[in-house]
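Novice: Below: one structure in structure tokens.
The values are calculated or read from the model by the stated rules, or taken from the named source; none is laboratory data. No experiment lies behind these values; they were computed from the predicted model shown. Note that we place each Cβ from the backbone using ideal geometry, even for glycine, and neighbour counts take in every protein chain shown. For the accessible areas, the whole protein counts, side chains as well, though only heavy atoms, and no ligand, DNA or RNA atoms are used. Shrake-Rupley method; radii C 1.70, N 1.55, O 1.52, S 1.80 Å.
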Amino acid sequence: MAEVPAVNDAAERIGYLTRVQRFSACHRLHSTILSDEDNKKVYGKCNNPNGHGHNYKVEVTVRGKIDPITGMVMNMVDLKRCIETVIMIPLDHKNLDKDVPYFSSIVSTTENVAVYIWDNMVKILPPNLLYEIRIHETDNNIVVYRGE
Ligand SMILES: Nc1nc2c(c(=O)[nH]1)N=C([C@H](O)[C@H](O)COP(=O)(O)OP(=O)(O)OP(=O)(O)O)CN2
Ligand SMILES: [Zn+2]
């Protein structure tokens, strides 16, 4: 009878691991560099002074070697903890522009929210693991950022 291997074969296998996280926040698209008139022109209804809200869905993907012993790229439990730190604590149920210091001078477009999440996630994940931040701002508006 053939022997059952204790680990996966020796070849390096690369896996992509994604965890989905939802959060709710409000914001206003408004650039401190533009005049009020230009802000209105550029951002339209999204420049409404009292803001508007979104139920964001974020997909955080890591890419790496599937460890032949653990069978994991990284432990989902650890990824979940990083997401709690970087997304849920600072952003959930917040006014992005007023509650998150980063967005006091940087306009809170979904592109910039993705950059914010990327920059903070790379600080706490193991090196070279983060692959992609994908944010669904609405069902129809999706932004992808890969750290470029
Ligand atoms: N490049 C970007 N453009 C816009 C962003 C953004 O983050 N990056 N954001 C907005 C607004 O935040 C706005 O809330 C989105 O509005 P809208 O497209 O109207 O949203 P819906 O998907 O709900 O609208 P539908 O008309 O139902 O598709 C605007 N632009
Ligand atoms: Zn919006």
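Novice: Using 7 Å Cα-to-Cβ label points, what is the I124/R13 separation (nm, one decimal)?
Specialist: 3.0
Novice: For L96, L130, give me the order by solvent-accessible area with a 1.4 Å probe, most accessible first, ignoring ligands, DNA and RNA.
Specialist: Sorted by accessible area, descending: L130, L96.
Novice: Let me ask you something else. For a quick check of your reading of the filter: which GluC sites (Glu not before Pro) in region 4-84 sit in a DSSP loop and have no more than 16 other Cβ atoms within 10 Å?
Specialist: Of the GluC sites (Glu not before Pro), the ones in loops of region 4-84 whose Cβ has at most 16 other Cβ atoms within 10 Å are E12.
Novice: Grab the DSSP H runs of the chain that are 4 residues or longer, score each as -39,500 (n - 2.57), total them, divide by all residues and round the 222 nm result to the nearest 500 deg cm²/dmol.
Specialist: -6500 deg cm²/dmol
Novice: List the relative contact order of the chain as a percent without decimals, with contacts defined as Cα pairs under 8 Å and 6+ residues apart.
Specialist: For the chain, the relative contact order is 29 percent.
Novice: At T70 and C46, where each label point lies 7 Å from the Cα along Cα→Cβ, what is the point-to-point distance in nanometres?
Specialist: In this crude label model, T70 to C46 measures out at 3.8 nm.
Novice: Next question, about the same structure. DSSP loop trypsin sites (Lys or Arg not before Pro) in region 1-108 with at most 16 other Cβ atoms within 10 Å of their Cβ, which ones?
Specialist: Of the trypsin sites (Lys or Arg not before Pro), the ones in loops of region 1-108 whose Cβ has at most 16 other Cβ atoms within 10 Å are R13.
Novice: A follow-up question, please. Which Cα, out of I87, L129, Y145, lies furthest along the positive dipole direction of the chain (beta carbon charges, K/R +1, D/E -1)?
Specialist: I87
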